[in-house]
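So the structure is just underneath, and the comments pick up after that.
The values are calculated or read from the model by the stated rules, or taken from the named source; none is laboratory data. Worth saying up front: this structure is predicted, and the values here are computed from it rather than measured. Glycine gets a Cβ as well: all are built from the backbone with ideal geometry, and neighbour counts include every protein chain shown.
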Amino acid sequence: MIISASRRTDIPALYGEWFFNRIRAGFVDVVNPFNLKQVSRVSLSPKVVDCIVFWTKNAAPIIDRLDELKAYKFYFQFTVTPYEADVEPGLLRNQSKSDIIRTFRRLSEKIGRDKVVWRYDPILLSRKHSIDWHFDQFAYLADKLAPYTNRCVISFLDLYAKTKHNTQPLGIRDISVDEMKLLAQGISQIAAGKIEVQSCSEQIDLDEFGISHGACIDREIVEHVIGAKIDVAKDKTQRLECGCMSSVDIGQYDTCTHLCAYCYANFRPQLAAANFNRHNPEATSLFGEIRPDAKVTERKMMPLKIVTQPTLF
């Protein structure tokens, strides 16, 4: 099984102590975000966990603890954007973008550039964040990060209802198809010879610019990291455009205190802050206690690795 840690919140940056407690315990309880009475107990045994995919904007809090994961295979989806505190207020409360870049490079040096994917996403446009601004910022970040990773993943901001509400003060607008192509062309030219660029969950075909459709839970990367082929299907719970393989996410929505205005995983900042304050590193679930009337169901976990049987001849 592939563990996603996590699309829903930044576990490495905010909940590292809890995560390593769950690793030692060998299981984690995941509360259904749409029905708090439904709880899935997920085994974290190395016998069934083929790979852990971390999603983060700041891996610094857990870098020095990664040796505790010697029994596991893993890689990182590490987002580094050029946005300032008006867009990413919580992320930049106690650190700068330079700090984040240094953390990215340090992580790569520790675990290998093949296990750290740079995410330049989402790309958003406003009066302040123009196409030319993105070209300048991408060129700067690519110069700093390309030697420490093999791939950059881009996506364009989808303005869902709650995203529109949270980004309204920033004047962020929809991106047209022509603008997507212009951005893709410029980013591809900047990245040429430095780093591979893929798109994430995009309908638009950018192959003409050398940008292929990618996946965050990527079969190719997982197989490379674990050193074996895997038997896994596409994740049916994700959008049609998403190319990710099936995984189990152990995070919870409305728990990330980075408070990025564009984030779909937080409904409102006050709720995320309240849930963060409820967090108990010793609890079996990410925040709060399991309800007394909840039904806890053991999730059936199977390894995905294809074991080649030796032949007699």
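Exactly one residue among Phe276, Phe267 is within 28 Å of Val87 (Cα to Cα), part of a loop (DSSP other than H, G, I, E, B) and either in contact (Cβ under 8 Å) with a residue 60 or more places away in the chain or in contact with a Ser or Thr (Cβ under 8 Å, 6 or more places away or on another chain) (or both), and that residue is Phe267.
When region 93-105 is filtered for residues that are crowded, with 19+ Cβ neighbours inside 10 Å and either modelled with pLDDT under 95 or touching a Phe, Trp or Tyr at 6+ places or on another chain (Cβ under 6 Å) (or both), only Phe104 remains. Scanning region 164-192 for residues that are polar (S, T, N, Q), modelled with pLDDT of 95 or more and within 23 Å of the chain's Cα centre (by Cα) yields one hit, Ser188.
Mind listing whichever residues of region 63-91 are in contact with an Asp or Glu (Cβ under 9 Å, 6 or more places away or on another chain), over 18 Å from Ile2 (Cα atoms) and not in a loop (DSSP other than H, G, I, E, B)? Hit for region 63-91 is Thr79, nothing else. Would you say Phe27 is of a type outside the set (Ser, Thr, Tyr) and under 27 Å from Ile306 (Cα atoms)? Considered against the rule, which asks whether it is of a type outside the set (Ser, Thr, Tyr) and under 27 Å from Ile306 (Cα atoms), Phe27 comes out as yes. Within region 255-265, at least one residue is buried (at least 18 other Cβ atoms within 10 Å of the Cβ), aromatic (Phe, Trp, Tyr) and touching a strand residue (DSSP E or B) at 6+ places or on another chain (Cβ under 7 Å). Kindly indicate whether Ser246 is in contact (Cβ under 8 Å) with a residue 60 or more places away in the chain and hydroxyl-bearing (Ser, Thr, Tyr). It is true that Ser246 is in contact (Cβ under 8 Å) with a residue 60 or more places away in the chain and hydroxyl-bearing (Ser, Thr, Tyr).
Scanning region 247-262 for residues that are within 23 Å of Asp29 (Cβ to Cβ), touching a Ser or Thr at 6+ places or on another chain (Cβ under 8 Å) and not charged (D, E, K, R) yields Ser247, Val248, Ile250, Gly251, Gln252, Tyr253, Thr255, Cys256.
Suppose the filter is assigned to a loop (DSSP other than H, G, I, E, B), among the polar types (S, T, N, Q), under 22 Å from Cys51 (Cα atoms) and in contact with a Pro (Cβ under 8 Å, 6 or more places away or on another chain); does Gln252 pass it? Considered against the rule, which asks whether it is assigned to a loop (DSSP other than H, G, I, E, B), among the polar types (S, T, N, Q), under 22 Å from Cys51 (Cα atoms) and in contact with a Pro (Cβ under 8 Å, 6 or more places away or on another chain), Gln252 comes out as yes.
Taking region 193-209 as the range and being at pLDDT 95 or above and touching a strand residue (DSSP E or B) at 6+ places or on another chain (Cβ under 7 Å) as the test, the residues that pass are Ile195, Glu196, Val197, Gln198, Ser199, Leu206. Suppose the filter is modelled with pLDDT of 95 or more, on the phi < 0 side of the Ramachandran plot and either surrounded by fewer than 18 Cβ atoms within 10 Å (Cβ to Cβ) or aliphatic (A, V, I, L, M) (or both); does Ser108 pass it? It is false that Ser108 is modelled with pLDDT of 95 or more, on the phi < 0 side of the Ramachandran plot and either surrounded by fewer than 18 Cβ atoms within 10 Å (Cβ to Cβ) or aliphatic (A, V, I, L, M) (or both).
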